[in-house]
1. By a straight-distance test (C-alpha under 21 Å), which lysines pair with residue 394 as possible cross-link partners, with residues fewer than eight away in the same chain excluded?
2. Students often forget the sequence filter, so: which lysines lie under 26 Å Cα-Cα from residue 309 once same-chain residues fewer than 8 apart are removed?
3. Under a point-charge model restricted to the Cβ atoms of Lys and Arg (+1) and Asp and Glu (-1), what is the dipole moment magnitude of segment 89-154 relative to its Cα centre, in debye to the nearest 20?
4. How much length is gained if the chain between residue 18 and residue 64 is pulled fully straight, taking 0.36 nm per residue apart and subtracting their Cα-Cα distance, in nm to one decimal?
5. Within segment 314-376, what whole-number % of the accessible surface is contributed by carbon and sulfur, with the 1.4 Å probe and all protein chains included in the calculation?
6. Any chance you could give the angle, 0 to 90 degrees and rounded to 10, that helix 49-64 forms with the longest Cα principal axis of the chain?
7. So how strong a dipole does the chain carry about its Cα centre when Lys and Arg Cβ are +1 and Asp and Glu Cβ are -1, to the nearest 20 debye?
8. Which order, highest average first, do 159-166, 358-365 follow once you tally other Cβ atoms within 10 Å for each residue and take the mean per peptide?
Amino acid sequence: RRVSVAANVDKSNELMLLGQKYATDDWTNVMPNVIAKLGRNLHVQQNHPLSHLRQRIVNYFYGQFRSKSGTPSFSVYDNICPIVTVEQNFDSLLVPKDHPSRKKTDCYFINQDTLLRAHTTAHQAELISMGLNNFLVIGDVYRRDEIDRTHYSIFHQVDAVRLRTSQEIFRNVNDSENLKLFEHRGIENADKQACHSLEAVKVMEQELKSTLTSLAQAIFGKDVQCRWVDQYFPFTHPSWELEILHNDNWLEILGCGIMRQEILQKSGAMDRIGWAFGLGLERLAMRLYNIPDIRLFWSNDAGFLNQFKVDNPNAHIQYKPISIYPPCINDISFWLPEDGSYSSHDFYDIVREIGGDIIEQISLKDEFIHPNTKKTSHCYSIVYRHMERTLIQKVVNKIHDQIAKAATAKLNVVIR
Ligand code: FA5
Ligand code: MG
């Protein structure tokens with residue numbers, strides 16, 4: 001049934017998404033299984049773990065940043081439509097035209113100019129243009145990514161922006177009339193953008209980092225171990241990632257940095273300096289509630305949802321798996337087409353499209369180039385596991401065959 005839906009999409013030249021019609025073209029690669037989840041809005045679904053966590057983050061910002069009159073400084077946007085333009089998702093954020101994140105293999109495009117947002121940062125420039133100085137954007141984001149227990153093609157992000165004037169950041173400093181936000185003949189280096197003064201950047205960096213480490217402590221407790229790692233984003237400089245220690249592994253939970261001044265200039269906030277961050281809600285929720293698999297967030301199963309039925313979003317909850325059903329693991333090997341058109345993300349989409357949420361993981365097990373023909377072969381291992389019952393090998397084999405057929409038809413591969 002799923003496959004025939006995909007065929008209808010191709011033929012009709014039009015897609016109806018969230019009540020709006022969109023023309024399709026040869027960029028269109030949104031899949032029915034992704035479309036089916038548009039509008040679920042798990043982040044605002046009552047008693048959903050992602051909603052509890054959203055509420056805790058919002059409460060933290062309301063409590064931490066208040067105006068002189070005592071009202072919260074941050075405003076919250078959690079229902080902005082996830083369908084955005086290429087301009088919003090990339091151009092407005094100075095993402096270079098040839099940046100890999102723009103590729104068809106990485107995003108869900110509706111057509112050449114329109115896509116499902118790949119990050120909530122897509123709304124940043126617009127909200128600044130509206131005159132906002134402190135805001136959070138929370139919502140669903142879409143990426144054609146790896147498939148495993150911590151990656152899913154739809155997840156949820158919280159983005160924040162805070163803009164400050166010179167007066168605001170140097171208010172508590174003696175001699176502040178000598179301190180400036182901007183520097184005229186400056187050069188860019190690892191610590192700052194050319195136009196910024198080092199003192200302004202350092203004040204902002206300090207506020208950003210302390211805000212985020214205390215957010216991590218507010219959620220995970222005082223003992224959480226954090227570390228900062230230098231990072232690159234086209235829309236911030238300098239940039240960092242925050243990692244927290246989880247089961248002896250460092251887990252990346254967010255990216256952040258000092259906003260590129262060009263974005264503020266274009267949005268009419270040239271007299272300010274800003275910091276911004278974007279974090280993944282699932283990553284935090286999995287660690288906080290001990291949820292072992294990212295697919296569980298999409299479960300309609302009462303055994304999952306009932307464990308989060310609490311009025312207080314701060315309630316301490318540790319998810320208890322109902323039971324773990326055994327996986328079926330099937331391999332698939334094929335020769336890639338010689339024209340270079342093959343992308344493993346296309347294959348992942350086909351697998352997800354046909355297998356749905358019983359696909360737990362796909363991994364490239366082996367890559368092999370034939371010594372004579374020079375043809376490349378890929379072997380993938382597909383882990384099938386149902387969250388709510390035991391899978392029967394015969395049923396899995398049928399799905400596996402369908403995947404092989406669809407890959408042959410759509411990707412020009414030759415099954416070995
Ligand atoms: C971004 O998306 C930037 N927009 C973040 C940002 C905003 C930086 C503002 C600077 C200023 P990144 O691709 O690293 O960055 O994703 C941010 C977070 O989303 C990650 O740290 C992670 O927690 C989460 N994340 C990323 N990919 C996935 C995925 N496939 N599944 C679940 N969570 C993910
Ligand atoms: Mg990252």
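The values are calculated or read from the model by the stated rules, or taken from the named source; none is laboratory data. Bear in mind that the values here come from a model prediction, so they are computed numbers and not experimental data. Glycine gets a Cβ as well: all are built from the backbone with ideal geometry, and neighbour counts include every protein chain shown. Areas reflect the complete protein model, heavy atoms only, side chains present, ligands, DNA and RNA absent. Shrake-Rupley method; radii C 1.70, N 1.55, O 1.52, S 1.80 Å.
1. 405
2. Cross-link targets: 37, 222, 320.
3. Working: 8 positive and 9 negative charges, 21 e Å.
Magnitude of the dipole: close to 100 debye.
4. Extra length from residue 18 to residue 64 when fully extended: 13.0 nm.
5. Working: 1750 of 3390 Å².
Carbon-and-sulfur percentage of accessible area, whole number: 52.
6. For helix 49-64, the angle is close to 10 degrees.
7. Numbers: 47 positive and 49 negative charges, 184 e Å.
Dipole about the Cα centre, nearest 20: 880 debye.
8. Numbers: 159-166: 21.6, 358-365: 17.1.
My ranking of the peptides, most packed first, is 159-166, 358-365.
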